[in-house]
Amino acid sequence: MELALTIITGFMVIGAIYAIHAKDLLSAVIACGIVGYGLVICFLLLKAPDLAIVQIVVDTMSLIIMVTVVLNTSREEPYYGLDSRGRTLAVAALALIIALLYYFVISTGHLDAFGESHLRMSEAYMNGAAEKTGSANLVTGVVFDFRGYDTLGEATVLVTAVLGVIAILRLKGKK
Amino acid sequence: MKGMTTIVKKTTQILAGIIFLYGAYVVIHGHLTPGGGFAGGVIMAGAFILVTLAFGGGFLNLKKEETGSTATENIAVLIVIILSLVGLFLGAKVFFLNFLPRGTVGELVSAGVLPLYNIFVGIEVTSSIFILFLALVIFKEEDT
Amino acid sequence: MIPYWMCFALFLVGLYGVITRRNLVKIAISLSIMEVSTFLFFALMGYIEGGKFPIVDPAEPGQLYVDPLPQALVLTAIVIGLATTSLLMAVIIRIYRKYKTFDIREIRNLRG
């Protein structure tokens, strides 16, 4: 279980590194697809079928949108070389990464070991949750009943993002 | 955007309806099986996007589609807010109160208002993702 | 512990891309990679060895289930991720039409 997860996340890291360093933008976008579809397999292994269904469709659609944008503009990324400013940025990024790594090593001591997480908050949600909400799917019960505020907020964010896209992209019709 | 070849069009005619039905199934059974409003809505939007990609922009009246789905999306969000407010004004003063009878766990008509929330959130997600796609297509056609 | 480490490595790769790349599309890709690592971390936190899918079967009570709370948080965030990626892409395509380049430094110089 842990081995399978390690192999798949390793593939995801390799795909991400290739996506950042590719010369052609189209292949960078497709390498980004490796990361998304790897996440689908991880969700299936982690016993989360709801998330797997959503992620596999959403990833396909975001690939379609990114490929549409790339094919309508320019594809190739010229090689810029490493000037002094780029070198400064790379050094700053490495310093930030080392600092984050330090905090991660500290905080892993407080995490539960993999596969043995203790139920703290969700203890109250899970004790007789099916009888409290009447829903056999516990995730739906949490999304729409116990945490309805969250869902309403996310729906509002979705509407706002759609209105923003329409306002940015429309050319005509403003006569 | 031009349409694709005859083979793609014929296959799309057969498949799009089945994909849409599967999405509706996932939405309606959201409280019994994996899925729910978000998953099923995304699948239904996939059916619409498949039709638009296969038949091209000239076949469908895209402007009209965009206006219609914007209206649908806003009405669906409004209904979700109204459902949560009804819970606030009935009995206990709790936002998002489950005010319908819950029934027995595992049947299709159970869980009070959760299936209603599932259906309206599904409609909202479908129309908003379809608009996101249409906006890019219309932009491309107007620009060139 | 190794899956947590790989998940964190994915986050760091995305962070490196956001800071050092000059191309706008590459920056958008790096942001989506960081998003993916966050989703994976939430799903890893809720996993319990030997737990079942979080769907109650009324015939067999008293089972051990995987924690449903992180899954519920991630479920809505995935759809929001698609919407924000599209918004980013809309801004990028608009910038390209105006300045004819993806390079952020040239755009900054042109504004001048």
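Every number here is computed from the coordinates shown, using simple stated rules; none is lab data. Since we're looking at a predicted model, the values are computed, not measured. Every residue, glycine as well, gets a Cβ built from its backbone with ideal geometry; the counts of neighbours run over all protein chains shown.
Key figures for this structure:
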{"item": "Residues with amide H under 5 Å from that of C:Tyr65, placed H, sequence gap 5 or more", "result": "C:Lys52"}
{"item": "For the protein assembly as shown, alpha-carbon Rg over 2.2 N^0.38 Å", "result": "1.03"}
{"item": "Degrees between helix A:84-108 axis and first principal axis of chain A (Cα, 0 to 90, nearest 10)", "result": "20"}
{"item": "Average beta carbon contacts from partner chains per residue of A:91-98, 10 Å cutoff", "result": "3"}
{"item": "Inter-chain shielding of A:100-109 (mean C-beta neighbours from other protein chains, 10 Å cut-off)", "result": "2"}
{"item": "Set of aspartates and glutamates near A:Lys132 by C-alpha distance (under 13 Å), chain-local residues within fewer than 8 positions excluded", "result": "A:Asp145"}
{"item": "Karplus-derived 3J(HN,Hα), 6.51/-1.76/1.60, for each residue of the range A:13-29, Hz, glycine and proline x", "result": "5, 5, x, 5, 5, 5, 4, 6, 9, 6, 7, 9, 5, 5, 6, 5, 5"}
{"item": "Fluctuation leader among C:Phe102, C:Phe53, C:Phe39 - chain C, Gaussian network, Cα springs under 10 angstrom", "result": "C:Phe53"}
{"item": "Computed log₁₀ I(q)/I(0) - Debye formula, equal Cα scatterers, no solvent, the range A:1-119, q 0.15 Å⁻¹", "result": "-0.97"}
{"item": "Principal axis box of chain B, alpha-carbon based, largest edge first, Å", "result": "58, 30, 16"}
{"item": "Residue among A:Asp24, A:Asp150, A:Asp83 with the largest mean-square fluctuation in a Gaussian network model of chain A, springs linking Cα atoms under 10 Å", "result": "A:Asp83"}
{"item": "B:Ala71 paired with C:Val91, simple spin-label distance in nm, labels 7 Å along Cα-to-beta-carbon", "result": "3.2"}
{"item": "For A:30-41, mean number of other protein chain Cβ atoms within 10 Å", "result": "3"}
{"item": "Acute angle (nearest 10 degrees) that the helix B:62-89 long axis makes with the longest principal axis of chain B, alpha-carbon atoms", "result": "10"}
{"item": "Helical segments meeting 30 Å axial Cα length and Kyte-Doolittle 1.0 threshold in chain C (DSSP H)", "result": "C:24-45, C:68-99"}
{"item": "Sorted largest first, extent of chain C alpha carbons per principal axis (Å)", "result": "68, 29, 14"}
{"item": "Per-pair calculated FRET efficiency, R0 = 25 Å: B:Leu90 and A:Asp150 via Cβ, rounded to 0.05", "result": "0.70"}
